[in-house]
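Peer 1: Dumping the structure here so I can ask a few things about it.
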Amino acid sequence: MVKVLLSWMAIFLMLASNPSLAVTDSQENALEKPSKKSIVFFKRQVKSNNSVENAVKSLIARYPEKASNFVKVALFTYPEKYEEIIRASVIAKPVIVDEIIKLANHYKVSAPTNIVAIAVNAEPSYAEVATKAACKYSPEDFTEIVRTAVKSEPDSADQIAQKLVTAYPNRALEILVTTIKEVPYVGKYVLDALLALVQEDKDTTEDMIVASIEQLADYPSAMERLVKLAKEHKIDANKVSTSAIKGGLDEESVASLIKTHY
């Protein structure tokens, strides 16, 4: 029995090592259907490990260099087990979270937002990498992916936003507003992180501060700092007032803030 399993393992590793089957960004055939032998081998591993999740963990632990190939076969063979496959593979080898999300999206095992939520919850320290990957492979769901990711891991909202703005500078304001709307209590940290990236761009800096004032108008402590920040960046007081009122702050409070900081 051991010899048979070793034989199947040798066959699978040989197939996984074949450049035509390797999962890479540069090869169009990287995501084609796994071979029948690879599928049979993986099913044997599931049986011997009592579950798909245990099989994925075991194989990645033993052959980490073939991790993406195991994920590929697992998702293709057991798409209904996508949640445990994504979770197990991200935990076992988080550095390939980009590949994991790419494969999960390719095989359409679930909605892109659900895929990123599973990945982020499995390994929060890789939340920004997972979110960037999800946005790359499902650009049509960009805003919803950002919203889902920061809600799943609010403590990493600033890093997630920063990573995305670096990758998508033309969507900086959208990323900021989406993040603050979902997790307003970390708005200060998100704004600070993003302002550091666009400090040379006066117009973008102004747009970010003004947008933050609107989104955080109901948070007095945040407004004190934001209005002060607006003054430091020489933003017109009328813009600040208009944005704060639009965000729901009453005119009397707005006037008081302007008087204090301007």
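The values are calculated or read from the model by the stated rules, or taken from the named source; none is laboratory data. Note that the structure is predicted; figures quoted are calculated from it, not measured. Please note: Cβ atoms are built from the backbone with ideal geometry, for glycine as well, and neighbour counts cover all protein chains shown. Calculation scope for accessible area: heavy atoms of the full protein, side chains included, ligands and nucleic acids excluded. Shrake-Rupley method; radii C 1.70, N 1.55, O 1.52, S 1.80 Å.
Peer 1: Across the stretch 214-241, which residue is farthest from Gln199 (Cα to Cα) among those that are of a type in the set (Asp, Glu) and surrounded by fewer than 17 Cβ atoms within 10 Å (Cβ to Cβ)? Before you say what the answer is, go through the steps one by one.
Peer 2: Taking the stretch 214-241 and keeping what is of a type in the set (Asp, Glu), we get 214, 218, 224, 232, 236.
Subsequent filtering for residues that are surrounded by fewer than 17 Cβ atoms within 10 Å (Cβ to Cβ) retains 218, 224, 232, 236.
Numbers: Asp218: 26, Glu224: 21, Glu232: 13, Asp236: 18 Å.
Here the answer is Asp218.
Peer 1: Contact list please: Cβ distance under 7 Å, first residue in the stretch 216-230 and over 12 Å from Ser243 (Cα atoms), second residue open to solvent by 90 Å² or more (accessible area, probe 1.4 Å) and part of a helix (DSSP H, G or I), pairs at least six apart or on different chains.
Peer 2: Final answer for the pair search is Ala222/Lys188; Arg225/Lys188.
Peer 1: Could you identify the single residue in Ala92, Ala104 that is among the small types (Gly, Ala, Ser) and crowded, with 24+ Cβ neighbours inside 10 Å? Quick ask: steps written out before the conclusion?
Peer 2: Working: Ala92 fails: crowded, with 24+ Cβ neighbours inside 10 Å.
Being among the small types (Gly, Ala, Ser) and crowded, with 24+ Cβ neighbours inside 10 Å holds for just one of Ala92, Ala104, which is Ala104.
Peer 1: In addition: Which condition number in (1) in a helix (DSSP H, G or I); (2) over 21 Å from Val165 (Cα atoms) is the one that Ala130 fails?
Peer 2: The one condition Ala130 does not meet is (2).
Peer 1: Test Tyr126 against the criterion of being over 12 Å from the mean Cα position of the chain (by Cα), farther than 19 Å from Glu206 by Cβ and of a type in the set (Ser, Thr, Tyr), and give yes or no. It would help to see each step written out before you state the result.
Peer 2: Values: over 12 Å from the mean Cα position of the chain (by Cα): no; farther than 19 Å from Glu206 by Cβ: yes; of a type in the set (Ser, Thr, Tyr): yes.
So Tyr126 does not fit the description; no.
Peer 1: List, please: which pairs have Cβ atoms under 6 Å, are six or more places apart or on different chains, and start with a residue in the stretch 94-110 that is within 17 Å of Glu65 (Cα to Cα) and end with one that is among the hydroxyl-bearing types (Ser, Thr, Tyr) and open to solvent by 10 Å² or more (accessible area, probe 1.4 Å)?
Peer 2: Pro94/Tyr126; Ile96/Ser68; Val97/Tyr126; Glu99/Ser68
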